[in-house]
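Novice: Before I ask anything, let me first share the structure, which is written out below as structure tokens.
The values are calculated or read from the model by the stated rules, or taken from the named source; none is laboratory data. For clarity, every value in this text was computed on a predicted model and none was experimentally measured. Every residue, glycine among them, receives a Cβ derived from its backbone with ideal geometry; neighbour counts consider all protein chains shown. Accessible surface areas use protein heavy atoms only, side chains included; no ligands, DNA or RNA. Shrake-Rupley method; radii C 1.70, N 1.55, O 1.52, S 1.80 Å.
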Amino acid sequence: MSRVLVVDDDTALLRALAINLRARHFEVETAADGATALRKAASSLPDLVVLDLGLPDLDGVEVVAGLRGWTSVPIIVLSARDTQSAKVDALDAGADDYMTKPFGMDELLARIRAALRRAAPEPTSPVVVA
């Protein structure tokens, strides 16, 4: 079961995302601010992070940079910021993907699956001795 950390200060959206992900057999942790997100990621490394940029204490780009300082966990930004510069800043800071709100749950789930596939370790090939 993949562990997903969802970070958003909108409690209704945070709850809806957690319910939808748990219904699809993801283990979900939530955080409503950047400091909590960094602390939770450090204490139990998630397999993927879904991150809003507009947080009350830290900008989401700072959270991306903070995570990238020590982990390569896939990060999908889910934000109402829809300018090209916001997307470029988040991706340059180390985010792997970027979706704007409003969003479709099916598309988010597809992007989560794709990011987890890319992050999965390569299968080792059997060694054949002749």
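Novice: In segment 35-74, whose amide N lies under 12 Å from the spot 7 Å out along Cα-to-Cβ of Arg22? List them in ranges.
Specialist: Under 12 Å, as judged by backbone N against the label point of Arg22, lies no residue of segment 35-74.
Novice: Another question, if that's okay. Quantify how much of the Cα-Cα distance distribution of the chain extends past 26 Å, in percent.
Specialist: Roughly 18 percent, rounded to a whole number.
Novice: Whole-Hz Karplus ³J(HN,Hα) for segment 51-66, in order, using 6.51 cos²θ - 1.76 cosθ + 1.60 and θ = phi - 60°, x for Gly and Pro?
Specialist: Ordered by residue, 3J(HN,Hα) equals 10, 7, 8, x, 10, x, 10, 10, 6, x, 5, 5, 5, 4, 4, x Hz.
Novice: In percent, what relative contact order does the chain have, based on Cα pairs under 8 Å that are 6 or more apart in sequence? Don't skip to the answer; put the middle values down first.
Specialist: Numbers: 200 pairs, mean separation 26.1, N = 130.
Relative contact order for the chain comes out at 20 percent.
Novice: So who's got an amide H within less than 5 Å of the one on Val6, skipping anything under 5 residues away but keeping other chains? H placed 1.01 Å off N, in plane.
Specialist: Sorted by chain and number, the residues that satisfy this are Glu29, Thr30, Ala31, Val50.
Novice: Tyr98's amide H: which non-local residues (gap 5+, or another chain) put their own amide H closer than 5 Å, with H modeled 1.01 Å from N in plane and none for Pro or chain starts?
Specialist: Residues meeting the criterion, in which the H sits 1.01 Å from N, are Val77.
Novice: If you don't mind, there's one more thing I want to ask. How much area per residue is accessible in segment 25-66 when the probe is 1.4 Å and only protein heavy atoms are counted (Å²)?
Specialist: Numbers: 1710 Å² over 42 residues.
That works out to 41 Å² per residue.
Novice: Over the chain, with every protein chain in place, what whole percent of the accessible area is carbon and sulfur at 1.4 Å, could you tell me?
Specialist: The value for the chain is 53 percent carbon and sulfur by accessible area.
Novice: Let me ask you something else. What fraction, in whole percent, of alpha-carbon pairs in segment 1-62 exceed 13 Å separation?
Specialist: 56 percent
Novice: Let me have the 222 nm mean residue ellipticity of the chain computed from DSSP H runs of 4+ only, each contributing -39500 (n - 2.57), with the sum over all residues rounded to the nearest 500.
Specialist: -13500 deg cm²/dmol
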